[in-house]
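So the structure is just underneath, and the comments pick up after that.
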Amino acid sequence: MRRLVNTESRAIPVVFFAFLLLIWQLIVDKGIIARYILPTPKDIFITLIEILPEIKIHIFTTVYEALLGFFISIVFAMVLAIIMDNVRIVKRALYPLLVISQTIPIIALAPLFILWFGFGKLPKIIVVVLVCFFPIIVSMLQGLESVDEDMINLLKSMGASKIQIFKMVKFPGAIVSFFSGLRIAATYSIMGAVIGEWLGGKTGIGVYMIRVKNSFALDKFFAAIVIIVILSITVFKVISLIEYIAMPWKQEINNKG
C-alpha cells in the first residue's frame, strides 16, 4: 500500500508536467503564439540534440565553475559556522553582515568581480561561492545550536573536550540541517555560474545563451535553459544520494512513517 502511495505521489507531478508541455505544444501549433517567439517543446528537444556537440565545452566550463565554487563554499561555511558557534562575539559581529550581504543583488556584484579579476573563471567561481555560502552556513549554525544541551553538559561533566563534544554530539546533531542547506545551495550553484558567465567570458552556458539571444535563436536559448535545469537537478540528486549514504537511519524513519 505504501509503495502504491509513493508511486502515485511521484506520478502526479510527471503527469501534470506532461500536460503542461502538451498545452504548450498545441498553443504554438495552432498559431496562438508565433513559433519564433515561443518554440515548441518538440523544437526545443530537437535543437537540444543538435547543439550538444557545440555546447559540450560550455557545459564542462559551467559545471567546473559551479562544482569548485560549491566545494569552496562548503569548506568556508563549515569552518566559519564552527567558529561562530564556539566564539559568540564572532557570531554577533558577523551574522548581521551575512544577512546584509544577501540583500545585495549578485547581478550587481558580478560586474565588479569581472573588473577586478578579469574574464576568466575566477569571477564566476566567486559568484557561486557567494550564492551557495549563505544557505549552508545558516543551516549549519541552526543545526549546531539546536543540539540537546543536556547531552553537551553530560559530556562536559565527564571531562570531554570541545573537539570530542563536536565529534560526538554537535556535528551528528547538526548533520540534518547541514544537508538541508547543501540541497538548497546545490540548486543555486549552476545558476550562480551562469549569472557570472552572462557578464563576460569565453566559454560557459551563460556565454552561449548571450550569443544565441543576440542572434534571436530562441530555440537554442530554451535548449540551454533545459540543460541548466538538468544540471541543477543532477547536482541536487547527488547531494541527496550522499545524504542517504551518510544518514541511512533517516530513510528508515521515513519508510516507517
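Here are the numbers for this structure:
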quantity: Difference of contour (0.36 nm per residue) and Cα-Cα distance, MET151 to ARG88; calculated: 20.7 nm
quantity: Label of the coordinate-derived value, volume of the Cα convex hull per residue in Å³, listed as [x] 190; [y] 164; [z] 147; calculated: [y]
quantity: Set of aspartates and glutamates with alpha-carbon distance to LYS30 below 19 Å, sequence-local pairs under 8 removed; calculated: ASP43, ASP219
quantity: Burial ordering of PHE17, PHE60, fewest other beta-carbon atoms within 10 Å first; calculated: PHE17, PHE60
quantity: Helix axis angle, 218-246 relative to the chain longest principal axis, alpha carbon, degrees; calculated: 20 degrees
quantity: Anisotropy class of the stretch 137-195 from Cα gyration tensor, a/c 1.5 cut; calculated: prolate
quantity: Derived scalar couplings ³J(HN,Hα) [the stretch 185-199; Karplus, 6.51 cos²θ - 1.76 cosθ + 1.60; whole Hz; x for Gly, Pro]; calculated: 5, 4, 6, 7, 4, 5, 4, x, 4, 5, 4, x, 6, 4, 8
quantity: Taking LYS220, LYS124, LYS162 and counting other C-beta atoms within 10 Å, the order from fewest to most; calculated: LYS162, LYS220, LYS124
quantity: Partner lysines for LYS162 [C-alpha distance under 21 Å; skip if fewer than 8 residues away on the same chain]; calculated: LYS91, LYS170
quantity: Most to least packed among 148-158, 126-136 [average Cβ atoms within 10 Å]; calculated: 126-136, 148-158
quantity: Ascending count of other beta-carbon atoms within 10 Å, so fewest first, for ASP29, ASP85; calculated: ASP29, ASP85
quantity: Rel. contact order, % - alpha carbon contacts under 8 angstrom, at least six apart, the chain; calculated: 25 percent
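Coordinate-derived values only; no laboratory data. Every value quoted in this text rests on a predicted model; they were computed, and no experiment measured them. All Cβ positions, even for glycine, are placed from backbone atoms using ideal geometry, and neighbour counts span all protein chains on display.
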